[in-house]
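Comments concern the structure below.
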Amino acid sequence: MLFQRALWRELVFNYLAVFLVLITITLTTLFIRLLGDAAHGELAVNAVLAFLGFALFNFLPLILSLSLFVAVIMTLSRQYRESEMVVWSSAGLGLTDWVRPVLAFALPVVLAIAVMSFAVIPWALGKKDEFRHLLDQRDELAVISPGMFTESKSADKVYFVESLAANGTRVKNIFMRSVDDQEQGVTVAAQGEHRQLPNGQRYLVLENGHRYEGVPGSQAYKLFRFGEYWMRAEQTSMSLHQDFGANALPTEALLQKPTPVNLSEFAWRCGFPISATLLALLAMPLSFVNPRAGRSFGLVLALLVFVIYINMLGIVEAWIAQQKMGMLAGLLTVHGTMAGITLLMFWKRIRIRGLRW
């Protein structure tokens, strides 16, 4: 039908516009945050782009759902403002006649959200945990980057190197500050290199430099000149990232071991495709705009509803994990409430506007 083709064309345009804006904001925010972690030495510089991709996967269901919600509101709100809905209503099309084309447009997006939630995101989070675990197993010398102050994992040393040779083993103009039993040491060397002994131990060998040792505030400082200064690189691992969480488990693994934490994660994954469908329907009565009223109030109210809905999903997930609520009860509570609100909004809009059911 004519109105369906016109509706789909405008929905596609608005959806792509909103999606591009949200994806740009998300990428920028995540990139700045990861650069901050790399600057503090918590993340290797060469791992920033990899972790950016992993983090983006985690936000995609939320971005897709919000883009769909906003696109439906923008499309129908414009038709209300320009009185096109009045024309369609006079032609015999009620508000419920828009449900089928809106759901037909939303179906591919909901399927994409379901695939992301149940398959892609657990795989990406598992790869992220494995990658971080491998990074944590590296020695502290592997994260030193030229031109940047890098803190060791034990937070007792700070490194700075001016340049790095092409082979990646020799460095020039090295500065190192260390703390050992309240005694601070500052080491400056013209050059150095990584060396690995036959037993697997790795060292940073500094050449042609000076070392100063002493207690801050005291005048008793020691000065050493050396031709070679061997510093052992300790290999440490962070146990925080060794145990993969339930969010990184495949969906079938969650159902095979139905612990409260696993069930809460399964309910969270089910929540995104269900919420995307309900929000697409709720956007239809929420998109009503009085042409004489302001244009932004309806969109602000819709975004507030979206935020409350997503927070309700998080609260229910926490309650399921804490065994305060069963999984089915939690899903029915949050989604049933939103479905009831959607039906109430449809009934109110149809009763007020006098459109046919």
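Data for the structure
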{"read-out": "Flag if Gly92 is modelled with pLDDT under 90 and surrounded by fewer than 15 Cβ atoms within 10 Å (Cβ to Cβ)", "value": "yes"}
{"read-out": "Candidate set from the stretch 229-255 (those that are in contact with a strand residue (DSSP E or B) (Cβ under 7 Å, 6 or more places away or on another chain) and either at pLDDT 85 or above or of a type in the set (A, V, I, L, M) (or both)); member that is farthest from Ala318 (Cα to Cα)", "value": "Met231"}
{"read-out": "Number of the condition not met by Phe19 [criteria: (1) modelled with pLDDT under 70; (2) surrounded by 15 or more Cβ atoms within 10 Å (Cβ to Cβ); (3) of a type outside the set (Ser, Thr, Tyr)]", "value": "(1)"}
{"read-out": "Any hit, the stretch 191-201, residues being in the same structural domain as Trp230 (by TED's automatic domain parsing), under 14 Å from Tyr212 (Cβ atoms), surrounded by 15 or more Cβ atoms within 10 Å (Cβ to Cβ) and at pLDDT 80 or above", "value": "no"}
{"read-out": "Filter pass, Val86 being at pLDDT below 80, assigned to a helix (DSSP H, G or I) and more than 25 Å from Leu303 (Cα to Cα)", "value": "yes"}
{"read-out": "Flag for Phe149 being touching a strand residue (DSSP E or B) at 6+ places or on another chain (Cβ under 7 Å), at pLDDT below 80 and among the aromatic types (Phe, Trp, Tyr)", "value": "yes"}
{"read-out": "Tally of residues being more than 20 Å from Leu76 (Cα to Cα) and in contact (Cβ under 8 Å) with a residue 24 or more places away in the chain across the stretch 9-37", "value": "5"}
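The values are calculated or read from the model by the stated rules, or taken from the named source; none is laboratory data. No experiment lies behind these values; they were computed from the predicted model shown. Cβ atoms come from the backbone with ideal geometry, glycine included; neighbour counts cover every protein chain shown.
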